[in-house]
Amino acid sequence: MRYNHQVPKPLRQGDIGVCCKRMEERKWDELNMDCLANVFQKVGMLSLLFDVPFVCKSWYKASLNPMCWQHLVFPDINPSDMGRQIPVRLLIQSTSVVKLVVNRSSGCATTLALPKHCSEKALEYAAKKCPALKILVLHDFMPHESSILIPKLISKWKNLEVLSLRWSYNMADIIPQIGFHCKKFVQLNAPNSIIGKDESSAMVTFVPNIRHLFLKGSGIKQENLVIILQGCKELVSLDVSDCIGFKDDDAEILQLASHIPAFVCEGSRILIPQLTD
């Protein structure tokens, strides 16, 4: 088979002028709806809620496309930085807004990063309406009443692949549910957590095939890290840097982790003699 490799002719000054004129004549509000939706899904939730819908009718219509709402990332907002008259932070964290945003996704959301102080009702609603979820991020300021619901809701997210906890929560209860219901699960991010024997044993028992584990800045004893290294043989990345409970030059740990392509433990030390199992 022969290919015709033709070098394109360089544009002349007149051609450039024609192209520029055509671009000036093209109107954004006349773009295809799918093209607009593809652009809007990259602008962020605040713009989708407070800016894009008010430009024109076509932009408002495009902003309702579920494609724009596949990644539901509720931002941490400081109203004084926004130059707005409305209490943005309170509004964006309200249960009604969480429900509104979740409804916009029409069940297509694959990423959900919940806001601070997410209520029980908002959390339960998101679990019910986001069956396609792959990535779940839980904020460190989530109320206790909401956080204790997480193990009960995991069964709603059968496609879950990544869970990010900004605090320990009740990890020993969450991990077994992931093992039972989330067969595609590959990554746990839990920096600044307390990883005791219960948490380590749960990982080995229920998610032994986990691929990525991020525990930077956590409290984890040497023996509990050994449990993870001996039981989770499929790890390709493990970050236990700046942890407390073991030395970063521990010979046994370095030997057990030698097969992990991306293993980081620098800065870890034994500083606090007693860590909770």
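Brief remarks follow.
- Straight-distance crosslink candidates among lysines, where the alpha carbon sits under 29 Å from residue 128 and sequence neighbours closer than 8 are dropped: 42, 61, 99, 116, 152, 156, 158, 183, 184
- 3J(HN,Hα) from dihedral phi, segment 42-52, Karplus parametrisation 6.51/-1.76/1.60, rounded to Hz, x for glycine, proline: 9, 8, x, 5, 4, 5, 5, 8, 10, 10, 3
- Convex hull volume of the C-alpha atoms in segment 102-220, normalised per residue: 87 Å³.
- Rounded percent of accessible protein surface that carbon and sulfur make up, segment 170-277, 1.4 Å probe: 52
- For segment 155-227, the per residue solvent-accessible surface stands at 42 Å², with DNA, RNA and ligands left out and a 1.4 Å probe.
- Shown are 57, 197, 42, 116, whose ranking by accessible area with a 1.4 Å probe and every protein chain present, most to least, is 57, 42, 197, 116.
- Its relative contact order, with pairs defined as Cα atoms under 8 Å and 6+ residues apart, puts segment 122-263 at 18 percent.
The values are calculated or read from the model by the stated rules, or taken from the named source; none is laboratory data. Keep in mind it's a predicted model, so treat the numbers as computed, not measured. Heads up: the accessible areas ignore ligands, DNA and RNA and are worked out on the full protein's heavy atoms, side chains in. Shrake-Rupley method; radii C 1.70, N 1.55, O 1.52, S 1.80 Å.
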